[in-house]
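Structure, as structure tokens:
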Amino acid sequence: MTLGRVLTASERVDVPLVLSGTNVTASDVLLALTTGEANVGVELLEVSSLSPVVRFHGAGAQVAAVSLWASNDAVDEDAETLTVALGDLSAESLGTHVAGGAAARRGRELVRRGDHR
């Protein structure tokens, strides 16, 4: 997940995720930040829920790499599917914690308002 620009020291953007599907519970999914050069100034919040949040904060934050695994929950289900989607991007943090605000565009890429490349 990539923001349209690097954040400055005082900025924050929270990107909600929505995990859903057939026979899916929070215990079916494991989420973690991927090790590597990405994830500077990135946190993963609410990882034990079906509504985790990727938080970008501070100077240098722009790219988040998140890994998702199916957990072996010992519950035998006939069919289990998982859908991962971006949540409501009109949330408070997009408009109030980024200079000029932020908005979704081009397939929900997050960019600074007024940046019309």
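Condition first: under 20 Å from E80 (Cα atoms), hydrophobic (A, V, I, L, M, F, W, C) and in a loop (DSSP other than H, G, I, E, B). Can you find one or more residues in the stretch 4-15 that meet it? Before you say what the answer is, go through the steps one by one.
Here is the first cut: in the stretch 4-15, the ones under 20 Å from E80 (Cα atoms) are none.
Checked against the condition, which is being under 20 Å from E80 (Cα atoms), hydrophobic (A, V, I, L, M, F, W, C) and in a loop (DSSP other than H, G, I, E, B), the stretch 4-15 yields no hits at all.
Criterion first (outside any loop (DSSP other than H, G, I, E, B), of a type in the set (A, V, I, L, M) and either at pLDDT 90 or above or over 20 Å from L3 (Cα atoms) (or both)) does V54 satisfy it? So that I can check it myself, show each step before the final result.
Values: outside any loop (DSSP other than H, G, I, E, B): yes; of a type in the set (A, V, I, L, M): yes; either at pLDDT 90 or above or over 20 Å from L3 (Cα atoms) (or both): yes.
The answer is yes for V54.
Go through the stretch 34-54 and count every residue that is closer than 21 Å to D88 by Cα and either free of Cβ contacts under 8 Å to residues at least 24 places away in the same chain or surrounded by fewer than 18 Cβ atoms within 10 Å (Cβ to Cβ) (or both).
As a first pass, look at the stretch 34-54 and keep what is closer than 21 Å to D88 by Cα: 42-54.
With the extra rule that they be either free of Cβ contacts under 8 Å to residues at least 24 places away in the same chain or surrounded by fewer than 18 Cβ atoms within 10 Å (Cβ to Cβ) (or both), the set shrinks to 42-51, 53.
Qualifying residue count for the region: 11.
Go through the stretch 1-57 and report how many residues are in contact with a helix residue (DSSP H, G or I) (Cβ under 9 Å, 6 or more places away or on another chain) and on the phi > 0 side of the Ramachandran plot.
Residues in the stretch 1-57 being in contact with a helix residue (DSSP H, G or I) (Cβ under 9 Å, 6 or more places away or on another chain) and on the phi > 0 side of the Ramachandran plot: 1 in total.
Which one of the conditions (1) under 20 Å from D88 (Cβ atoms); (2) modelled with pLDDT under 90 does R5 fail to meet, given that it meets all the rest?
Condition (1) is where R5 drops out.
The values are calculated or read from the model by the stated rules, or taken from the named source; none is laboratory data. Treat the numbers as computed from the prediction; the structure is a model and nothing was measured. Virtual Cβ from ideal backbone geometry, glycine too; neighbours counted across all protein chains shown.
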